[in-house]
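Before any comments, here is the structure.
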Amino acid sequence: MEMNFATFKARIADAGDGDRRQEERASVQVAATMRELGTSGVEATVLNVSERGFMAVADGRFEVGSRVWLIFPAGRGRANAVVRWIAGGKLGAEFAEPVQLELFRA
């Protein structure tokens, strides 16, 4: 009997690894648009953010490792990021370059 196994990536945390975040995240609730490079955008809500990353819920389907644009409302710009995790309808992404938190205020 032949068995097929799905391949997946996993990281096993070292004992005492804890929260790997380097910076505190600010709780926000900001409507934005997210789009994978080369695709059309979907509505998203950013739930927390730091200068280096964010957590959001989005209408689209994204995969870990996807490069995305997070487009801020009211013409405040956009930021490139890489999706690092997906769980329970939420995703976390790391910005390619640090962003100013003022983009999420106002």
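Give me the residue from segment 36-55 that is in contact with a strand residue (DSSP E or B) (Cβ under 6 Å, 6 or more places away or on another chain) and more than 17 Å from Arg25 (Cα to Cα) and, out of that set, surrounded by the most Cβ atoms within 10 Å (Cβ to Cβ). Step by step, filter segment 36-55, then rank; the result is Ala44. For segment 1-44, the tally of residues that are within 17 Å of Phe95 (Cβ to Cβ), in a strand (DSSP E or B) and either modelled with pLDDT under 90 or not small (Gly, Ala, Ser) (or both) stands at 7.
Under the condition of being basic (Lys, Arg), in contact with an Asp or Glu (Cβ under 7 Å, 6 or more places away or on another chain) and modelled with pLDDT under 90, the residues counted in segment 79-106 number 0. Looking across segment 56-66, just one residue is within 23 Å of Glu102 (Cα to Cα) and surrounded by fewer than 18 Cβ atoms within 10 Å (Cβ to Cβ), and that is Val57.
Residues that are in contact with an Asp or Glu (Cβ under 7 Å, 6 or more places away or on another chain), modelled with pLDDT of 75 or more, surrounded by 12 or more Cβ atoms within 10 Å (Cβ to Cβ) and not in a loop (DSSP other than H, G, I, E, B) are absent from segment 70-78 altogether.
In this structure, does Arg61 turn out to be under 23 Å from Glu24 (Cα atoms) and not in a strand (DSSP E or B)? No; evaluated as a whole, the condition is false for this residue. In segment 87-102, the residues that are closer than 19 Å to Leu37 by Cα and free of Cβ contacts under 8 Å to residues at least 40 places away in the same chain reach residues that are surrounded by 13 or more Cβ atoms within 10 Å (Cβ to Cβ) and small (Gly, Ala, Ser) with C-beta atoms within less than 7 angstrom, at least six apart or across chains, in these pairs: Leu91/Ala56; Leu91/Ala58; Gly92/Gly53; Ala96/Ala81.
The values are calculated or read from the model by the stated rules, or taken from the named source; none is laboratory data. Please read all numbers here as calculations on a predicted model, not as lab measurements. Glycine also receives a Cβ, built like all others from the backbone with ideal geometry; neighbour counts cover every protein chain displayed.
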